[in-house]
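Some notes on the structure that comes next.
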Amino acid sequence: MTRALPVLTVLAAIILVWYLAAIGMNAQWAQDQAARAGTTLTTGQLIADTLSQDRPVLPAPHQVAAGLWDGIFGQAITSKRSLVYHAGVTLSATMAGFAIGSLAGILLAVGIVHDRTMDQSVMPWAVASQTVPILAIAPMVIVVLASIGVTGLLPKAVISAWLSFFPVLVGMVAGLRQPDAMQLDLMRSWNASRSQSFWRLRLPSSMPYLFASLKVAVAAALVGTIVGELPAGATSGLGARLLSGSYYGQTVQIWSALFMAAALAAGLVVLIGLIERITLKRMGLAR
Amino acid sequence: ADDLTLQLKWVTQAQFAGYYVAKDKGFYEEEDLNVTIKPGGPDIAPTQVLAGGGADVTVEWMPAALAAREKGLPLVNIAQPFKSSGMMLTCLKESGITDPKTDFKGKTLGVWFFGNEYPFLSWMNHLELPTEGGPDGVTVLKQGFNVDPLLQKQAACISTMTYNEFGQVLDAGIAEADLVTFKYEDQGVATLEDGLYTLQENLDNPEMVDKLTRFVRASMKGWKYAEENPEEAAEIVLENDETGAQTIEHQTRMMTEVAKLTAGSNGALDEADYQRTVDTLLSGGSDPVISKAPEGAWTHAITDAALQ
Amino acid sequence: MSALPILAVWLGAWGLNAFLARLNTRLTRILVPLIFGTTLLLLWEMIVRAYAVPSVILPAPSQIWAAFMANIPLLWGDFVQTILKGALSGWLIGALAAIATAIAIDRSPFLQRGLLPIGNFVAALPIIGIAPILVMWFGFDWQSKAAVVVVMVFFPILVNMVAGLAATDALQRDLMATWSAGYWQSLVKMRLPAAMPFLFNGLKITTTLALIGAIVAEFFGSPTRGMGFRISTAVGQLDLPLVWAEILVAAIAGSLFYGIVSLIESRVTFWHPSQRR
Amino acid sequence: MSSGADPVITAQGVDLTFPTADGPVHALKGVDLTINRGDFVSFIGPSGCGKTTFLRTIAALETPTGGSLTVNGMPADEARKARAYGYVFQAPGLYPWRTISGNISLPLEIMGFSKADRAERIARVLELVDLAGFGGKFPWQLSGGMQQRASIARALAFDADILLMDEPFGALDEIVRDRLNEALLELWRKTRKTIGFVTHSIPEAVYLSTRIVVMSPRPGRITKVIESTLPAERPLEIRDTPEFIALSHEVREGLREGHSYD
Amino acid sequence: MSSGADPVITAQGVDLTFPTADGPVHALKGVDLTINRGDFVSFIGPSGCGKTTFLRTIAALETPTGGSLTVNGMPADEARKARAYGYVFQAPGLYPWRTISGNISLPLEIMGFSKADRAERIARVLELVDLAGFGGKFPWQLSGGMQQRASIARALAFDADILLMDEPFGALDEIVRDRLNEALLELWRKTRKTIGFVTHSIPEAVYLSTRIVVMSPRPGRITKVIESTLPAERPLEIRDTPEFIALSHEVREGLREGHSYD
Ligand SMILES: Nc1ncnc2c1ncn2[C@@H]1O[C@H](COP(=O)(O)OP(=O)(O)OP(=O)(O)O)[C@@H](O)[C@H]1O
Ligand SMILES: Nc1ncnc2c1ncn2[C@@H]1O[C@H](COP(=O)(O)OP(=O)(O)OP(=O)(O)O)[C@@H](O)[C@H]1O
Ligand SMILES: Cc1ncc(C[n+]2csc(CCO)c2C)c(N)n1
Ligand SMILES: [Mg+2]
Ligand SMILES: [Mg+2]
């Protein structure tokens, strides 16, 4: 309760501001229309009009809510008009990309922690890789991948993997380097092998870091997938939905897809948080 | 059946109704073809997909195809289902533009890029208007996915297609009386749109030529069917749209408009149209779209065989 | 057949690096990543040539470099439009707004508890999704790109700054209390300096975000210059070497941006253990 | 040896309960104590017995949940606002982004001392703790012992009436500790400040104090107050005298009584 | 009181130099020392004199840059591979994701003991350090003293010949420390292990050891080796005896000699 109250208050404030903004931004159009029709609007009519336009500059919250409701519950889940269907398409590519990205991040981190050559060679380029505007060349990447026979869900996944491997890499390198000199020395005094030290010391101590970075990575993966869908052949997925909404000026559809995507991201982050809690608890790391 | 992949220039919509109808009505099957239709998108370059081997045939506008040819990608036009151009510039009447020759100066115009800018650039060249902005030229705005720049009055004019964006402008509540339109056809700078292109190497392969012939034959059958049954065609398109964003009213109207553009074509490229397109593109002043007349950029071999 | 020399180059370079890495001097620490990068470029060139990859699919580094050198004025103009006007101004505004907001809500745990979960939700929004909306609101020139960047960088910096303002330890705060320091005194003399490492963490993360945001936003409408505009137009014209030259500019600009922020960080937070040498 | 009768700190029946998730923790229970001007009072007792809590309560960093506590005749919180305290914690708690001089200057800036006055005071206290010449260094460039001396200098710079020190030498090695003990005693003799001092070390408590307060946990309370019989003049060798050993023994016995294994 | 003459650790002229950015640091210089089976040797000296470094060198965690060092007649590194060492650090260093039993089990797993053997050993050492019944707890559920005992149990579990302890009780309060000192002495008497023990506390060194090695820094070297005259049986009260005080005094003097301020 004490946690919900502040959030609800801020939420209420945001919705209020949103309504005001919607009235302000949509007023011009309402007035233009009235002028074209040769009528004038009373303030009441004006407000009512701004909150119920078909193509508002900024849709009112209740319009977005209605759009979401219709998208989620208004159709069969398998329908192409269902947001759940599109979210499902996006989710599957996100999960694939997230899995590839996290795995790559973890493996690279293991290499970097254990091999000095890799540490010095790879790390600066991993940073540089993130300055490549992958999102800007996403369509090209998809075409190029298609030319070597990678099609379907995978090209989108590659883009989301590109975005999600980096946080995992950075987090995992920090995590695997977490054990202090004393703990490593203990291992050495027991003459433990490298793999024993890894499985019994480095890996467990990196868990909190791993989960923290997985949360960042999954959100990044979702952004990657959506961008992969966005300009690169609108077929299905939330990105395609955003694009077609944008293409036909259907702002309500854009905002619904946007909120669906945010909810998906939030859901994924919460899910990882849950897995984190369970794992850390079973490891005895949560108190 | 023989497999064949067609890359569209844009998203699934009635602009490509002929192909969807041919597929849906079994015209491709009748020709023993198994055709995969890949929708495009705002940032898919169909020519690049072709180069990458992602498709065998693509729907593309001729200026872009010829430009790609100059870049070393040997594209060849094998059929031209669209006889005339649907492109136009739509202006708000309140901008005071009545004559392109005099009134564009100092205005902001919305233009599609990504290979679609060539006709516009040629036109401006004809008008001798620089496109770098300033009081004596026009300011060009890269128009995004929709007609917002006009509705928001960010531009005096925007690019529209007769069959699509123009309708969107009307849908948005602006009356036709409040608009002024300039068709590229009327301005004498029309270029050919929506032709079928393939790589030269495919035409050197008799087996492939046969496949393409059957494909063009079935596609044209689809187009003619769509012209006659616009409502059914629109429904077929709708069924094939995976985004679930299209509406039947919209697609029906688009089909009706598209039918006007395809009406004059039996699929074979009209040499005169080709020549006019090339001339328009070549006349590009200091920065022409293509620098010399292309050789072998089209063939009648396929259509001749297909239309016997 | 052609795979053999490629493999040989890779193994040779790796062997050299393994040897150099073991020396671990200041020079080798710079050399090793350079050799690694050069090797990657070399392999790229060799693969493109050996397998005759068409340049409309993947141009060779040599072609990219040629396009880069041939188009410097054009690339510079795009850089100014996208990076300096769009990304940088947006990043600065976003950062200042986030810092001010963090300080403003710092005194109110209520606001913090209300804003931060929502902030996390908004940060998870695929911000590129709101780019078309912002282009609609702020016009097609760089202002809308800056707006996209502001929205993208605001919450990461806010979250870091809020954490930073809370980062003083109990001991440091108790000391202030024993001296009976006022709110502004402890803010200026203790909490702002203590927050700097966190702030810079947020600033660093958001440098690349800012670039990406500014470039991608140009897809949704732009004037006829800018890196995003050029990339999409050049792809449409199959001028792939130019596309890659823009990517090169982006990578260089991104690395520089990140490097400069890191440099300022090491000046400002020289006292932090992670910065001490 | 409670010199004169000028009570500076008066605690009567002070209670302090922390409400925690596992129920209330009684950190202090019925603590009565009077500290006079110029006293050097050490607090000793097992971990968790409330030494720190009591010192914090005196400095108004915690508010008692019962009883009364006055400092210089006013409530502790007012004394805090009147800047009556110099507090030294176990860790030096120097601000890493300021030099040693900057750290010492900080409370002076907060209290509004003039620039010239600040410079003069900084020089004086640096001298006092034998750190002259290190003012320009950053904390991490100094050893632990030097940092701790700097933090003492900081607490001395603004001439508070009362010096509260919470295990200030806990982290230092024995030799350094000896030196600092000598120096602290010397300082106290010179300035005659009132000092409250928490320690875990019996010899340290005996060596420094005029009075030793032994505390016991669960709930935290005072079990014994031992008046020192040692003279004011205390060379380090005093620690080998029978008198010192007897006092140590008394403290240890006092401690043993209130102590359970962990 | 160097019992018998069965040398376990023999150091002859051991040098150790760390190359650092600011030039080489001579951590050890010509260290000669023989430790016999069953000895309890304490190392004491100011911070930075090389106590830790010497202990680490014995355990082959560092390699000497000069001199010779043999353990059980072989080079230290071979002794390490033969798992001759149990090492205890100042902090307990228990893995938070393992229970106390799991922590004790860890070196046994690494050394390949069978499951049954492990269980038996864990039970035995838990008993030995008085932690029977706490095996299922996680480290953070225990007090600092108990954690430190667990870490000693871990070092004992695999029956290494030699127990090396680096300030194992440095972080504990005096009373807990007393208890653990008693327990350690008891354990040493029972097992007769060879123990190397680093401490900063003079009473601790005197109370525990058969021999006290005083070290001095810059460069790290042994300045004095004091044989204990105390009997093997040592109640805590022995610390108030004149003999104990005399020994303490001797150690303190030894320390004072090689010490500079910080
Ligand atoms: N903020 C707090 N909230 C809850 N309990 C607290 C808090 N501060 C202290 N305590 C509890 O109050 C008791 C007394 O703590 P205090 O820190 O005063 O002990 P101490 O004598 O200083 O111990 P040490 O020698 O370990 O420093 C302990 O049981 C401690 O756990
Ligand atoms: N890895 C290292 N690299 C460089 N110098 C080192 C290293 N380890 C120790 N030293 C230096 O060697 C000297 C001896 O250090 P050592 O840790 O052995 O001292 P110590 O006697 O254990 O001190 P303390 O009582 O503080 O633990 C010190 O001057 C220290 O700074
Ligand atoms: C970003 C963007 N680029 C190009 C076009 C142009 N375009 C390509 S196919 C086609 C027919 C559409 O109905 C049109 C207009 C656009 N619309 N949006
Ligand atoms: Mg305490
Ligand atoms: Mg040490």
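Do we find a residue being open to solvent by 10 Å² or more (accessible area, probe 1.4 Å), under 27 Å from E:Ser101 (Cα atoms) and within 16 Å of ligand 1 (Cβ to nearest atom) anywhere in the stretch E:181-190? Within the stretch E:181-190, none of the residues are open to solvent by 10 Å² or more (accessible area, probe 1.4 Å), under 27 Å from E:Ser101 (Cα atoms) and within 16 Å of ligand 1 (Cβ to nearest atom). None of D:Gly86, D:Gly170, D:Gly102 is of a type in the set (Gly, Ala, Ser), in a strand (DSSP E or B), within 14 Å of chain C (Cβ to nearest Cβ) and crowded, with 17+ Cβ neighbours inside 10 Å except D:Gly86.
Looking only at residues in the stretch A:232-253 that are more than 7 Å from every other protein chain (Cβ to nearest Cβ) and open to solvent by less than 10 Å² (accessible area, probe 1.4 Å), the one that is modelled with the highest pLDDT is A:Leu238. Per the listing C:Gly182, C:Gly202, the residue uniquely at pLDDT below 90, farther than 30 Å from D:Pro168 by Cα and assigned by TED's automatic domain parsing to the domain that holds C:Ile157 is C:Gly202. Are any of the residues in the stretch D:151-169 under 25 Å from D:Glu237 (Cβ atoms), touching a residue at least 12 places away in the same chain (Cβ under 8 Å) and within 16 Å of ligand 5 (Cβ to nearest atom)? Scanning the stretch D:151-169, I find no residue that is under 25 Å from D:Glu237 (Cβ atoms), touching a residue at least 12 places away in the same chain (Cβ under 8 Å) and within 16 Å of ligand 5 (Cβ to nearest atom), so the answer is no. Can you confirm whether D:Gln148 is polar (S, T, N, Q) and under 21 Å from D:Phe197 (Cβ atoms)? Yes: the conditions hold for D:Gln148.
Just one of the listed residues (B:Lys71, B:Lys38) is of a type outside the set (Gly, Ala, Ser) and under 30 Å from B:Leu282 (Cβ atoms), namely B:Lys71. Residues considered: E:Leu106, E:Leu142. Of these, the only one that is within 28 Å of E:Val8 (Cα to Cα), among the aliphatic types (A, V, I, L, M) and more than 16 Å from ligand 3 (Cβ to nearest atom) is E:Leu106.
State whether one or more residues within the stretch D:233-241 are under 25 Å from D:Gln12 (Cα atoms) and of a type in the set (Lys, Arg). Even if it seems obvious, please write down each step before you answer.
Restricting attention to the stretch D:233-241, the residues satisfying the condition of being under 25 Å from D:Gln12 (Cα atoms) are none.
No - not one qualifying residue is present in the stretch D:233-241.
For residues that are more than 16 Å from ligand 2 (Cβ to nearest atom) and not in a helix (DSSP H, G or I), scanning just the stretch E:191-204, find the one that is most open to solvent (accessible area, probe 1.4 Å). My answer is E:Arg192. Applying the criterion of being part of a loop (DSSP other than H, G, I, E, B) and more than 7 Å from chain C (Cβ to nearest Cβ) to the residues of the stretch A:127-159, the residue that is least open to solvent (accessible area, probe 1.4 Å) is A:Ile134. Residues in the stretch B:1-34 that are open to solvent by less than 10 Å² (accessible area, probe 1.4 Å) and under 20 Å from A:Ser147 (Cβ atoms): B:Leu4, B:Leu6, B:Gln7, B:Leu8.
Regarding C:Val261, is this residue open to solvent by 20 Å² or more (accessible area, probe 1.4 Å), away from chain A (no Cβ under 12 Å) and hydrophobic (A, V, I, L, M, F, W, C)?
Values: open to solvent by 20 Å² or more (accessible area, probe 1.4 Å): no; away from chain A (no Cβ under 12 Å): yes; hydrophobic (A, V, I, L, M, F, W, C): yes.
For C:Val261, the condition - open to solvent by 20 Å² or more (accessible area, probe 1.4 Å), away from chain A (no Cβ under 12 Å) and hydrophobic (A, V, I, L, M, F, W, C) - is not met.
Residues that are closer than 24 Å to B:Met62 by Cα, over 19 Å from the mean Cα position of the chain (by Cα) and part of a loop (DSSP other than H, G, I, E, B): does the stretch B:202-220 have at least one? Yes - at least one qualifying residue is present in the stretch B:202-220. Scanning the stretch E:133-143 for residues that are open to solvent by 20 Å² or more (accessible area, probe 1.4 Å) and either more than 23 Å from E:Phe169 (Cβ to Cβ) or away from every other protein chain (no Cβ under 12 Å) (or both) turns up at least one hit. Answer yes or no: is there a residue in the stretch B:151-158 that is within 20 Å of C:Phe220 (Cα to Cα), away from chain C (no Cβ under 11 Å) and away from ligand 4 (no atom under 16 Å from the Cβ). Yes, the conditions are met somewhere in the stretch B:151-158.
Of the residues D:Ala91, D:Ala60, the single one that is away from ligand 3 (no atom under 16 Å from the Cβ), outside any strand (DSSP E or B) and open to solvent by 40 Å² or more (accessible area, probe 1.4 Å) is D:Ala91.
Tally the residues that are aliphatic (A, V, I, L, M) and at the interface with chain D (Cβ under 10 Å from one of its Cβ atoms), restricting the search to the stretch E:215-250.
Residues of the stretch E:215-250 that are aliphatic (A, V, I, L, M), as a first pass: E:215, E:222, E:225-226, E:230, E:232, E:236, E:238, E:245-247.
Filter once more, keeping what is at the interface with chain D (Cβ under 10 Å from one of its Cβ atoms): E:236, E:245-246.
Counting residues in the stretch E:215-250 that are aliphatic (A, V, I, L, M) and at the interface with chain D (Cβ under 10 Å from one of its Cβ atoms) gives 3.
C:Arg267 meets the conditions (1) more than 7 Å from every other protein chain (Cβ to nearest Cβ); (2) open to solvent by less than 20 Å² (accessible area, probe 1.4 Å) in every case but one. The failed one is (2). No other residue among D:Gly73, D:Gly135 is under 30 Å from D:Arg221 (Cα atoms) and away from ligand 1 (no atom under 16 Å from the Cβ) apart from D:Gly73. Do the conditions hold for A:Pro204, that is, is it within 29 Å of A:Val113 (Cβ to Cβ) and open to solvent by less than 20 Å² (accessible area, probe 1.4 Å)? Here the answer is yes, as A:Pro204 does meet what is asked.
Quick check on this structure: which one of C:Val188, C:Val153, C:Val148, C:Val162 is within 11 Å of another protein chain (Cβ to nearest Cβ), outside any loop (DSSP other than H, G, I, E, B) and either on the phi < 0 side of the Ramachandran plot or among the aromatic types (Phe, Trp, Tyr) (or both)? Every option except C:Val188 fails the conditions. Being open to solvent by less than 10 Å² (accessible area, probe 1.4 Å) and within 14 Å of chain B (Cβ to nearest Cβ) is a condition met by no residue of the stretch A:260-267. Is it true that some residue in the stretch C:102-116 is of a type in the set (S, T, N, Q), within 9 Å of chain A (Cβ to nearest Cβ), part of a helix (DSSP H, G or I) and in contact (Cβ under 8 Å) with a residue 12 or more places away in the chain? Taking every residue of the stretch C:102-116 in turn, at least one turns out to be of a type in the set (S, T, N, Q), within 9 Å of chain A (Cβ to nearest Cβ), part of a helix (DSSP H, G or I) and in contact (Cβ under 8 Å) with a residue 12 or more places away in the chain. The residue that is nearest to E:Phe89 (Cα to Cα), among those in the stretch E:3-29 that are surrounded by 16 or more Cβ atoms within 10 Å (Cβ to Cβ) and small (Gly, Ala, Ser), is E:Ala27. When C:Ala181 is tested against the conditions (1) in a helix (DSSP H, G or I); (2) out of contact with any Pro (no Cβ under 6 Å at 6 or more places or on another chain); (3) open to solvent by 20 Å² or more (accessible area, probe 1.4 Å), the lone failure is (1).
Here is the figure for the stretch E:11-70: residues that are within 14 Å of chain D (Cβ to nearest Cβ) and away from ligand 5 (no atom under 16 Å from the Cβ) total 1.
The values are calculated or read from the model by the stated rules, or taken from the named source; none is laboratory data. Computed from a predicted model, the values in this text were never measured in an experiment. Positions of Cβ are backbone-derived with ideal geometry, glycine not excepted, and every protein chain shown enters the neighbour counts. In case anyone asks, the SASA skips ligands and DNA or RNA and just uses the protein heavy atoms, side chains included. Shrake-Rupley method; radii C 1.70, N 1.55, O 1.52, S 1.80 Å.
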